[in-house]
Amino acid sequence: MKENVQQILAHFHIKQFQHDLIHWFQTEQRDLPWRKDKDPYKIWVSEVMLQQTRVDTVIPYFYHFIEKFPTLDSLAEAEEEEVLKAWEGLGYYSRIRHLHEAVKEVKEKYGGCVPASKEQFSSLKGVGPYTTGAVLSIAYGIPEPAVDGNVMRVLSRIFYITDDIAKGSTRKKFENIVSHIISHDNPSDFNQALMELGALVCTPKNPSCFLCPVQRHCRAFAEGVETELPVKTKGKAPKRVSFRAIVLMNEKGNILIQKRPPRGLLANLWQFPNDEHAPTRNDESFVKEISERYHVVIRSMERIGSFEHVFSHVVWHIEAYKGNALELQMGDETNKWVTIDELKQYAFPVIYQKIWQAYE
DNA sequence: TAGTCGTGGGA
DNA sequence: TTCCCAAGACT
């Protein structure tokens, strides 16, 4: 951080920039479902869904989620299982667990009205600096910075800032800058415009500078270094993990499913019996492990394929089997024998959905 | 601070 | 195929 904010903003035409940016947004913005009204609840839901997730991926989830939980109260009153099912396949599942907890708190403490106070809203579960600024500015018109990856990319180019955006501390520098250049007349459009510009024009690769509405304000363009920015260090390669899983059917035609622990990877989602916790070396030790852990007798077993799934920091390689089994113990909260029809009520990670498809 | 936490799309 | 991601938050 070589320059302070005053130096960075020297000779920068704030009013012209605000006008150029907001005017572009008002004529070129995409027609997105969460832009139909200013319902703070819907804005909040959309912002949580959009965290690290593409717009095209979010759109169908948003429609379905709002149809199922149209109001904050309806979400607050819903069962965890039902809420998680609506998030199935979207990823980063702690987002929905935190959102569910947060709306319950809003219902209890604020009568179901999303607080417009920065202190109150940002204290809610899963609500960080970005989401605070996004919801308060878009839903309530409060001039708070909403600095996401788009904003850091756009502003790193506009101001030729070479700080590593992979570092957490860099975001604060951009928040400081935005707090100085944000439009107080229209903070909602200003924040959204910065992100929209990043999504449509000031893209990571091959930015369309020739049609950029703020090209005349851009230091990187003037210097011809737009493709060198932003500076972002690479993360390390994900670790590889191999284990087995098995779809078991009992004599009644029921399938054994298991709820994952409430913390960690894919928390609270459901899966088929596996030895993820203690990977086995061969079929014999696998059968022994599954039999003891899940209290079953495996009468027959057949391999149905191998599956790979890449997470953010780990790669799973699963050898999948199907088999027939006898249950030695009644199910409980985390281990259930369910009908194939009932399976549809439970949220499964994508890789276990693929294993189920291979089973069918 | 750096690691954890999903998924599917595009170059 | 391989890589980088995409409107981050939590620990």
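Set side by side, the residues A:Arg240, A:Arg244 differ, and just one is open to solvent by 90 Å² or more (accessible area, probe 1.4 Å) and either assigned to a helix (DSSP H, G or I) or under 28 Å from A:Val315 (Cα atoms) (or both), which is A:Arg240. A:Ala267 falls short on exactly one of the conditions (1) touching a helix residue (DSSP H, G or I) at 6+ places or on another chain (Cβ under 8 Å); (2) more than 16 Å from DNA strand B (Cβ to nearest atom); (3) open to solvent by less than 80 Å² (accessible area, probe 1.4 Å), and that condition is (2).
Quick one: is A:His64 open to solvent by 50 Å² or more (accessible area, probe 1.4 Å) and under 30 Å from A:Leu343 (Cα atoms)?
Details: open to solvent by 50 Å² or more (accessible area, probe 1.4 Å): yes; under 30 Å from A:Leu343 (Cα atoms): yes.
Answer is yes for this residue.
Residues in region A:85-105 that are open to solvent by less than 50 Å² (accessible area, probe 1.4 Å), within 14 Å of DNA strand C (Cβ to nearest atom) and more than 12 Å from the chain's Cα centre (by Cα): A:His100, A:Ala102, A:Val103.
Inside region A:208-234, residues that are without any contact (Cβ under 8 Å) to a residue 12 or more places away in the chain, within 16 Å of DNA strand C (Cβ to nearest atom) and not in a loop (DSSP other than H, G, I, E, B) make up a count of 1.
Tally up the residues in region A:197-207 that are within 13 Å of A:Met152 (Cα to Cα) and either basic (Lys, Arg) or near DNA strand C (Cβ under 6 Å from one of its atoms) (or both), please. Final tally of qualifying residues: 3.
Within region A:164-193, being over 13 Å from A:Pro230 (Cβ atoms), open to solvent by less than 10 Å² (accessible area, probe 1.4 Å) and either more than 12 Å from DNA strand C (Cβ to nearest atom) or of a type in the set (Phe, Trp, Tyr) (or both) holds for A:Ile177, A:Val178, A:Ile181, A:Ile182, A:Ser183, A:Pro187, A:Phe190. Evaluate the following for A:Val5: is it in contact with a Ser or Thr (Cβ under 8 Å, 6 or more places away or on another chain) and either more than 22 Å from A:Gly112 (Cβ to Cβ) or away from DNA strand B (no atom under 16 Å from the Cβ) (or both)? No; evaluated as a whole, the condition is false for this residue.
The values are calculated or read from the model by the stated rules, or taken from the named source; none is laboratory data. Since we're looking at a predicted model, the values are computed, not measured. Neighbour counts run over all protein chains shown; Cβ positions are idealised from the backbone, glycine included. Side chains included, ligands, DNA and RNA excluded: accessible areas come from the protein's heavy atoms. Shrake-Rupley method; radii C 1.70, N 1.55, O 1.52, S 1.80 Å.
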